[in-house]
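Take a look at the structure set out below.
The values are calculated or read from the model by the stated rules, or taken from the named source; none is laboratory data. Please read these numbers as outputs of a predicted model, since none were measured by experiment. Don't worry about glycine lacking a Cβ; one is built from the backbone with ideal geometry, like all the others, and counts go over all protein chains shown. Surface areas here come from the heavy atoms of the whole protein model, side chains and all, with no ligands, DNA or RNA. Shrake-Rupley method; radii C 1.70, N 1.55, O 1.52, S 1.80 Å.
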Amino acid sequence: MSMNEAVLAAPRVAIAAAAPAVPDALEAGIGHALDALLAQQNVDGHWVYELEADATIPAEYVLMVHYLGETPDLALEARIGRYLRRIQNADGGWPLFHEGRSDISASVKAYFALKMAGDDPQAPHMARARAAILAMGGAEASNVFTRTLLALYGVMPWKAVPMMPVEIMLLPQWFPFHLSKVSYWARTVIVPLLVLNSLRPRARNPRKVGIDELFAGSRETVRLPHKAPHQHAGWYSLFRGADALLRTAEPVMPRGLRRRAIDAAKAFVRERLNGEDGLGAIFPAMANSVMMFDVLGIPPDDPDRAVARRSIEKLLVVHGDEAYCQPCLSPVWDTALAAHALLETGGPRATAAVSRALDWLRPLQVLDVRGDWTVRRSRVRPGGWAFQYANPHYPDVDDTAAVAAAMNRAALAEHAAPNSDPNAEAVARAIEWIVGMQSGNGGWGAFEPENTHLYLNNIPFADHGALLDPPTADVSARCLSMLCQTGATPDRSEPAARALQYLLAEQMPDGSWFGRWGTNYIYGTWSALCALNAAGLGPEAPPVRHAAEWLAGIQNADGGWGEDGDSYKLEYGGYERAPSVASQTAWALLGLMAAGQAEHPAVARGIGYLLRTQQADGLWHEPRFTAVGFPRVFYLRYHGYARYFPLWALARYRNLRRSGKRQVAWGL
């Protein structure tokens, strides 16, 4: 018998016979959290919470306005300035996540934006920032994206920016570097950037603000950055040589070829412009598209340029005297996860709210747009949901699995017959699409299959190490959970069996799983344990037991769990303790309960932590970042996570205690 067969054959522990009464405090905590979540549902049925990143996005917004030479909204600029000053570290720099270490690139952009907005360079906070930046190596130590911005402003030479000629648009698909070989987010950011990198415009910068003072040496002597820590010396040297050849060849490239390439880039952007939701529905691509239109001489009142510019304004958040710009919007994700929390909570009010949420979600399913993912799955019918209000070229399997699982659970809870379930066809199409998007190794990347050309992370442009979208444990676990909940268990479904094999192979030696999109091993382990439970692995199955032991073993003394962005470091050597937060505590609790450990003392302590830290308004305060866009480079704070995940965990604990059962009945 193979190891995996042995895992599948492991017996489940017998169900506990008696269940203690649910304490009043637990029921009260659930009620308060339910009231708060229901009050935040929009009239049309959806939820959308703020999605906060670091200083770079609001700083880039300010700098984009001045790049274009627009008349700035001075009140808005002042509000963004207050936000940037508030999140500045004590040492003068700016971090990538709450209470993280200062980062050179975030600090350079934040300083530049504040100076552009009128902050006195001699003010104490600016002096501290300047000292911190110089101590980190100066602006010349910035990453490639920051170098590109500085080159557009003329404060760094283009020779310090890796070559990315627009002729890349014309390369054949078999070529080692082709845009179909990188992730959706890289593709949508790169295409308009290719035009900017090739035409090399200069920011209008009406205030003529520069940042020469941030360079440790002469800015004119800055050259290409050194190899990033994640990059392989051999591969990097090869691509660095290619960069040198491109610099030599660029002056003699045929002008007709360049015109064709620019036309191809422009056509790519226009096709995917996505109305007021923007190119790729992410700020960097949206801002680059506007600047591309600008350098091509397309006037501000051109319909495409105008709608691209308006799309960026929809990302702004204003709170009193502060404001910031979000990297994107998360309504589908927020709504799907809130629906799961309410399905667990139960009761007439929660059920009615879920029904409205699913009615809102259903028409957002992408059924007719054959997006970029069809390059490798040309015969698969569309059927996914995007993360944002609209992003039809780029749906993702994670949102799709979460939505389909919620729709399926709602139907099962109501005992709806297939012919009376309004979501049955949507779920069927989602399953078909997700199965079609499975990669050859059994796992799933978020947006595209087989996005595994790892050598591309060694090109000089990819110092961020996030050019690709390979299969990951957390996304794959969500897909497996949904498949199993809808009846496609590993013993009945070849895709589910392959997914289970993939997930088991991804378990870390300490029992945890990596979390690509949530921080980090707590998130990955919760995701995986949900999938293993749904796939039929009981509490005594070695992978389940090992993971549960790991989760219980990293609980903080206060009863909660925590983990921060430092867990993504390349030299990660095991879990490092971090302050407890509500969302990560909820993930750990949901993971332990999926592992059949609802009666474990760690679970009772975790529930106690959530009840003790719940605020009078029924919610939880969570300033820490518990998600990630790109490990080591870009982190996220989902403001909704502390609203629906704790409720989900509390309600599940109550339900298991009431029933006296140990096994969670649902995929998520």
Legend entry - Selection status of A582, out of contact with any strand residue (DSSP E or B) (no Cβ under 7 Å at 6 or more places or on another chain) and either within 21 Å of H639 (Cβ to Cβ) or of a type in the set (S, T, N, Q) (or both): yes
Inset, instruction - Within region 547-566, work out how many residues are out of contact with any strand residue (DSSP E or B) (no Cβ under 6 Å at 6 or more places or on another chain), closer than 27 Å to R632 by Cβ and assigned to a helix (DSSP H, G or I). - result: 5
Inset, instruction - Filter region 488-501 for residues that are within 21 Å of A430 (Cα to Cα) and either of a type outside the set (A, V, I, L, M, F, W, C) or not in a loop (DSSP other than H, G, I, E, B) (or both) and give the result. - result: T489, P490, D491, R492, S493, E494, P495, A496, A497, R498, A499, L500
Inset, instruction - Go through region 526-546 and give me each residue that's assigned to a loop (DSSP other than H, G, I, E, B) and either among the charged types (D, E, K, R) or open to solvent by 20 Å² or more (accessible area, probe 1.4 Å) (or both). - result: G536, E540
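A quick yes/no check of all residues on (1) in a loop (DSSP other than H, G, I, E, B); (2) closer than 24 Å to P495 by Cα; (3) open to solvent by less than 10 Å² (accessible area, probe 1.4 Å); (4) among the basic types (K, R):
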| position | (1), (2), (3), (4) |
| --- | --- |
| L342 | no, no, yes, no |
| A350 | no, no, yes, no |
| V354 | no, no, yes, no |
| R362 | no, no, no, yes |
| R379 | yes, yes, no, yes |
| M407 | no, yes, yes, no |
| V427 | no, yes, no, no |
Inset, instruction - Can you confirm whether region 621-640 contains a residue that is more than 18 Å from G518 (Cα to Cα), of a type in the set (S, T, N, Q) and modelled with pLDDT of 95 or more? - result: no
Inset, instruction - Given the conditions (1) among the acidic types (D, E); (2) part of a helix (DSSP H, G or I); (3) within 27 Å of D54 (Cα to Cα), report the number of the one that E571 does not fulfil. - result: (2)
Inset, instruction - Could you list all residues from region 464-478 that are in contact with a Pro (Cβ under 9 Å, 6 or more places away or on another chain) and hydrophobic (A, V, I, L, M, F, W, C)? - result: A466
Inset, instruction - Starting from residues that are aliphatic (A, V, I, L, M) and within 19 Å of Q326 (Cα to Cα), keep the ones in region 587-637 and report whichever is most open to solvent (accessible area, probe 1.4 Å). - result: V633
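Of the residues that sit in region 367-377 and are over 10 Å from M437 (Cα atoms) and in contact with a Phe, Trp or Tyr (Cβ under 7 Å, 6 or more places away or on another chain), which one is surrounded by the most Cβ atoms within 10 Å (Cβ to Cβ)? Even if it seems obvious, please write down each step before you answer.
Keep residues of region 367-377 that are over 10 Å from M437 (Cα atoms), which gives 367-372, 375.
Checking the rest, the ones that are also in contact with a Phe, Trp or Tyr (Cβ under 7 Å, 6 or more places away or on another chain) come to 371-372.
Details: G371: 20, D372: 18.
Selected residue: G371.
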Inset, instruction - Would you please list the contacts, defined by Cβ atoms under 6 Å and residues six or more apart or on different chains, that run from a residue in region 649-666 that is surrounded by 15 or more Cβ atoms within 10 Å (Cβ to Cβ) and part of a helix (DSSP H, G or I) to a residue that is of a type in the set (S, T, N, Q) and at pLDDT 95 or above? - result: A651/T345
Legend entry - Qualifying positions in region 532-577 - without any contact (Cβ under 8 Å) to a residue 40 or more places away in the chain and under 30 Å from H464 (Cα atoms): I554, E571, Y572, G573, E576, R577
Inset, instruction - Kindly indicate whether any position in region 501-508 is open to solvent by 20 Å² or more (accessible area, probe 1.4 Å), at pLDDT 95 or above, touching a helix residue (DSSP H, G or I) at 6+ places or on another chain (Cβ under 6 Å) and more than 27 Å from R376 (Cα to Cα). - result: yes
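Hey, among the residues in region 138-174 that are open to solvent by 40 Å² or more (accessible area, probe 1.4 Å) and within 21 Å of L63 (Cβ to Cβ), which one's farthest from the chain's Cα centre (by Cα)? Show your work before the answer.
In the first step, residues of region 138-174 are kept if they are open to solvent by 40 Å² or more (accessible area, probe 1.4 Å); the result is 140-141, 143, 145, 158-159, 170-174.
Filter once more, so that each one left must be within 21 Å of L63 (Cβ to Cβ): 140-141, 143, 145, 158.
Details: E140: 28, A141: 26, N143: 20, F145: 18, W158: 30 Å.
Only one residue fits best here, namely W158.
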Inset, instruction - Might you check whether a residue that is of a type outside the set (G, A, S), more than 26 Å from the chain's Cα centre (by Cα), within 30 Å of F447 (Cα to Cα) and buried (at least 16 other Cβ atoms within 10 Å of the Cβ) occurs anywhere in region 206-223? - result: no
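Just one of E60, E77, E27, E50 is at pLDDT 95 or above, within 22 Å of F145 (Cα to Cα) and of a type in the set (D, E); which is it? Before you say what the answer is, go through the steps one by one.
Working: E77 fails: within 22 Å of F145 (Cα to Cα); E27 fails: within 22 Å of F145 (Cα to Cα); E50 fails: within 22 Å of F145 (Cα to Cα).
The conditions single out E60.
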Legend entry - Residues within region 513-525 that are closer than 17 Å to G443 by Cβ, out of contact with any strand residue (DSSP E or B) (no Cβ under 7 Å at 6 or more places or on another chain) and either touching a residue at least 60 places away in the same chain (Cβ under 8 Å) or in a loop (DSSP other than H, G, I, E, B) (or both), tallied: 6
Inset, instruction - From the list V317, V332, pick out the single residue that is touching a strand residue (DSSP E or B) at 6+ places or on another chain (Cβ under 9 Å), crowded, with 22+ Cβ neighbours inside 10 Å, outside any loop (DSSP other than H, G, I, E, B) and touching a residue at least 12 places away in the same chain (Cβ under 8 Å). - result: V332
Legend entry - Meets criteria (modelled with pLDDT of 90 or more and closer than 26 Å to V375 by Cβ) for A267: yes
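Quickly run through region 242-295 and pick out the residues that are open to solvent by 50 Å² or more (accessible area, probe 1.4 Å), among the aliphatic types (A, V, I, L, M) and touching a residue at least 60 places away in the same chain (Cβ under 8 Å).
Correct list: L246, L257.
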Inset, instruction - Search region 198-212 for residues that are in contact (Cβ under 8 Å) with a residue 40 or more places away in the chain and pair each with any residue that is basic (K, R) when their beta-carbon atoms are under 8 Å apart and the residues are at least 6 apart or on different chains. - result: S198/R258; V209/K115; I211/K115; D212/R219
Inset, instruction - Would you mind stating whether A401 is under 18 Å from R356 (Cβ atoms) and either in a helix (DSSP H, G or I) or aromatic (F, W, Y) (or both)? - result: no
Inset, instruction - Assess whether S142 counts as being out of contact with any strand residue (DSSP E or B) (no Cβ under 7 Å at 6 or more places or on another chain) and among the polar types (S, T, N, Q). - result: yes
